[in-house]
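Only one structure is covered here, and it is reproduced in the block below.
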Amino acid sequence: MAACKLLSRSWIAICLLAVSSLATAAVKPEPRNVVLVTLDGVRVQEMFGGLDVAVLQSALGKDRRVEDHDLYRRYWAATPEARRAKLMPFFWNTLMQQSGSIAGNPARGSRVQVSNRMRISYPGYAELLTGQARDADVTSNRKLRIPFPTVAEFVRRELALQPAQVATFASWETFDWIAEHTDGNTYVNAGFAPYPGNDPLIRQLDALQLQARAWPGERFDVFTQRFALAHLQRHRPRYLHIAYGNTDEWAHAGDYPATLQALALVDGYLQELWTWLQSQPQYRDRTTLVITTDHGRGNTPAEWANHNHDVEGAQNIWLAIVSPDDARRGEWHAAPTLQQNQVAATVAAALGLDYARQDPAAGQPIALQPPSR
Ligand SMILES: [Zn+2]
């Protein structure tokens, strides 16, 4: 600046301009992170209304009183808002009130739908990770390599990240095939895969996940949670997808109490995840969470456990966004319908990336409402 003083008036103007643009360059926007969380096959009924007493009654049979059931005592309340807050207290009382919003409650005039015809898991994840329904290519849950690159692979390439910084932790083993088109592009830990390292607790969990098991192709979500959090601390990923799956397994088994308990556990995992993220300068107020599901399930007590192309209700999903770049809080009201194919572009946009560079035909990113600063 001292040199500027010696110059003529017009040179001073140019000099000041140069100094101010230098200052602008010095204030680079903080790098963003994104955490995608999926809860497999969670219906809008439970998400927005908690315990569905008609489903519980039908599960118990008409000779038993729902009021006597432990689940009723724990989760029943007179309004949907009070019931869901009993089931997922962190999600509703903290996350949605203080930091984010959720679309998809038909009672509020908001809908989120899958655009694939299948309404089952792999087609749902293919849609949300690649940005389009893939009805011609992904029609079942069979283990086949995803035929298109995913948003995870796009993020890694565009930001020139190490594979460990773009990570997927999934309870369902088929994510080995779903998470990436090119094997090894990103870090994937799915099913009963061990998590590497010398941490004695992790080594113990590795042994336990093989002993405490209920299904051939899926571990308990608690192991997915523990490994994902260990990875967050160790590798500090910019993109993390945590895919919880137990809600879907219990629902297919027709076990409504266990389905709700699995959802309540996920609420605790979200609290643990959020608390840790907010304790870290790299992540605090620089991380977008997108929380959603791969498909819905049937609407009625007869069909709540099922989902496929001809089960009515299975096309209806929900989607929550928690972002420092979005001012919305609570439930969306009277909003245009969102599609599952918008998730990939929304995740990319949260990192400042234009997903159309990978797939111009993918769903558009969900428009955010930036907070006034
Ligand atoms: Zn599913």
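Based on the Kirkwood radius over alpha-carbon pairs, what is the Stokes-Einstein translational diffusion coefficient of segment 274-348 at 10 °C with 1.306 mPa s viscosity, in µm²/s?
Taking Rh from Cα pairs, D becomes 108 µm²/s.
If you average the alpha carbon positions of segment 103-155 and of segment 200-220, how far apart do those two centres end up, in angstrom?
That distance is 28 Å.
Obtain the nm distance between the two label points defined at Ala367 and Thr300 by a simple spin-label model: each point lies 7 Å from its Cα along the Cα-to-C-beta direction.
Those two pseudo-labels are separated by 3.9 nm.
According to the Cα gyration tensor, what semi-axes, each the square root of 5 times an eigenvalue, does the equivalent ellipsoid of the chain have, listed from largest to smallest in whole Å?
Each semi-axis is the square root of five times an eigenvalue, giving 40, 24, 21 Å.
Using the basic label-point model (7 angstrom from Cα toward the beta carbon), what is the Ala334 to Ala207 distance in nanometres?
Inter-label distance under the simple model: 6.1 nm.
Among Val55, Val112, Val151, whose mean-square fluctuation peaks in a Gaussian network model of the chain (Cα, cutoff 10 Å)?
Val55
Multiply the residue gap between Ser115 and Ala136 by 0.36 nm, knock off their C-alpha separation, and tell me the result in nm, one decimal place.
Working it through step by step, the gained length comes to 6.3 nm.
Springs between alpha-carbon pairs under 10 angstrom, Gaussian network model over the chain: which of Trp332, Trp318, Trp172 fluctuates most?
Trp332
Connecting C-alpha atoms closer than 10 Å in a GNM of the chain, tell me which of Ala258, Ala164, Ala335 has the biggest fluctuation.
Ala335
How far apart, in nanometres, would the label points at Gln271 and Leu161 be if each is projected 7 angstrom from Cα along the Cα-to-Cβ direction?
2.8
Take the Cα of Glu30, step 7 Å along the line toward its Cβ, and report every residue of segment 325-340 whose backbone nitrogen sits under 19 Å from that point.
325-328
Listing Asp63, Asp294, Asp221, Asp255 from the residue with the fewest other Cβ atoms within 10 Å to the one with the most, what is the order?
Asp63, Asp255, Asp221, Asp294
Restricting attention to segment 291-361, which GluC sites (Glu not before Pro) occupy a DSSP loop and are surrounded by at most 16 other Cβ atoms within 10 Å? Provide the component values of the computation, followed by the final result.
Values: sites: Glu303, Glu312, Glu331; in loops: Glu303, Glu312.
When the GluC sites (Glu not before Pro) of segment 291-361 are filtered for loop state and at most 16 Cβ neighbours within 10 Å, Glu303, Glu312 remain.
Run the paramagnetic zone check for Asp199: 7 angstrom along Cα to Cβ, then residues of segment 208-233 with backbone nitrogen under 18 Å.
208-210, 220-233
Throughout, read-outs are computed from the coordinates displayed, never taken from laboratory work. Remember, it's a predicted structure, so these values are computed and weren't measured experimentally. Every residue, glycine among them, receives a Cβ derived from its backbone with ideal geometry; neighbour counts consider all protein chains shown.
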